[in-house]
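Report on the following structure.
The values are calculated or read from the model by the stated rules, or taken from the named source; none is laboratory data. All values derive from a computational prediction rather than experimental measurement. Neighbour counts run over all protein chains shown; Cβ positions are idealised from the backbone, glycine included.
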Amino acid sequence: MAMSYGAVMTRSVWSCNLEAEFELIRRVIKFFPFISMDTEFPGVIFQLDPAFRQPKNNYAMMKANVDRMHLIQVGLTLSDRHGNLPTFGTSNRFIWEFNFCEFDVTRHLHASQSIALLQSQGMDFHKNQSFGANIMRFVELLMFSGLLCNNHIHWITFHGAYDFAYLVKEVYDVKYLIKFCPNLYGGLDRVSKSLGVVYGLEMS
């Protein structure tokens, strides 16, 4: 299949069109299973001395940053194996930009240089706060979009540790996820027993 070369248009997603845009994604995901992701967040406030950059310390530093800050924006590009993007029957090609409302630049932790860079690129933090999507509603729709728990999907990032850290932080809270599963309720022990989870191996 030849690659299409129409103009690439960004579909900006806010609270008012979040559901509609996820419906579009659900319609085309089986045809465009390669997902490129990028995130925008308020920078890195905790730094690690280069002398201590072992994997365990790197993870702890990243977790400290992700736990203390808010996701601002997620960019998603869906493509097929030939690099074609969804066209929805037009001459253009489309990618997505999800904007979130939780970050308040006047009171939340952030790295000043990162904020200045985002503003220089056109980021309007007041607009995000006023019209951005709720991150938990985004998570609900993401769970049923076909983008997750799908063996046919391939995720692509560039230097993506923080991208996945922010996304996983929002998505994989088991206590939250069981709300979507009929007949699963209660604490972790009860849920584990309902699912037949074996806690450990018997030693012979």
Exercise for review: Please work out which residue is surrounded by the most Cβ atoms within 10 Å (Cβ to Cβ), limiting yourself to segment 52-75 and to residues that are free of Cβ contacts under 8 Å to residues at least 60 places away in the same chain and aliphatic (A, V, I, L, M).
Suggested key: Ile72
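Which residues, taken from segment 70-82, are closer than 15 Å to Trp96 by Cα and in a loop (DSSP other than H, G, I, E, B)?
Once the filter is applied, which keeps residues that are closer than 15 Å to Trp96 by Cα and in a loop (DSSP other than H, G, I, E, B), segment 70-82 yields only Ile72.
Which one of Phe32, Phe46, Phe22 is part of a loop (DSSP other than H, G, I, E, B) and surrounded by 17 or more Cβ atoms within 10 Å (Cβ to Cβ)?
Working: Phe46 fails: surrounded by 17 or more Cβ atoms within 10 Å (Cβ to Cβ); Phe22 fails: part of a loop (DSSP other than H, G, I, E, B).
Only one candidate passes the filter, namely Phe32.
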Exercise for review: Could you tell me which numbered condition Pro86 fails, if it satisfies all but one of (1) over 20 Å from the mean Cα position of the chain (by Cα); (2) closer than 25 Å to Val13 by Cβ?
Suggested key: (1)
Point to revise | Condition broken by Glu40, with the remaining ones in (1) surrounded by fewer than 16 Cβ atoms within 10 Å (Cβ to Cβ); (2) in contact with a helix residue (DSSP H, G or I) (Cβ under 7 Å, 6 or more places away or on another chain); (3) charged (D, E, K, R); (4) closer than 21 Å to Trp155 by Cβ satisfied | key: (1)
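Quick check on this structure: which one of Phe100, Phe144, Phe46, Phe52 is at pLDDT 95 or above and of a type in the set (A, V, I, L, M, F, W, C)? So that I can check it myself, show each step before the final result.
Numbers: Phe144 fails: at pLDDT 95 or above; Phe46 fails: at pLDDT 95 or above; Phe52 fails: at pLDDT 95 or above.
So the residue among Phe100, Phe144, Phe46, Phe52 that is at pLDDT 95 or above and of a type in the set (A, V, I, L, M, F, W, C) is Phe100.
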Exercise for review: Would you check which residues across segment 76-94 are crowded, with 19+ Cβ neighbours inside 10 Å and acidic (Asp, Glu) and list them?
Suggested key: none
Exercise for review: Answer with yes or no whether Leu85 is touching a residue at least 24 places away in the same chain (Cβ under 8 Å), farther than 19 Å from Asn134 by Cα and part of a strand (DSSP E or B).
Suggested key: no
Practice item. Consider Ser120 carefully, then state whether it is touching a residue at least 40 places away in the same chain (Cβ under 8 Å) and either polar (S, T, N, Q) or over 26 Å from Trp155 (Cβ atoms) (or both). Key: no
Check your understanding: Looking only at segment 9-19, which residues are in a strand (DSSP E or B) and surrounded by 18 or more Cβ atoms within 10 Å (Cβ to Cβ)?
Key -> Val13
Review point. Among the residues of segment 103-159, which ones are surrounded by 14 or more Cβ atoms within 10 Å (Cβ to Cβ), part of a helix (DSSP H, G or I) and of a type in the set (A, V, I, L, M, F, W, C)?
Key: Ile115, Leu118, Phe125, Phe131, Ile135, Phe138, Val139, Leu141, Leu142, Met143
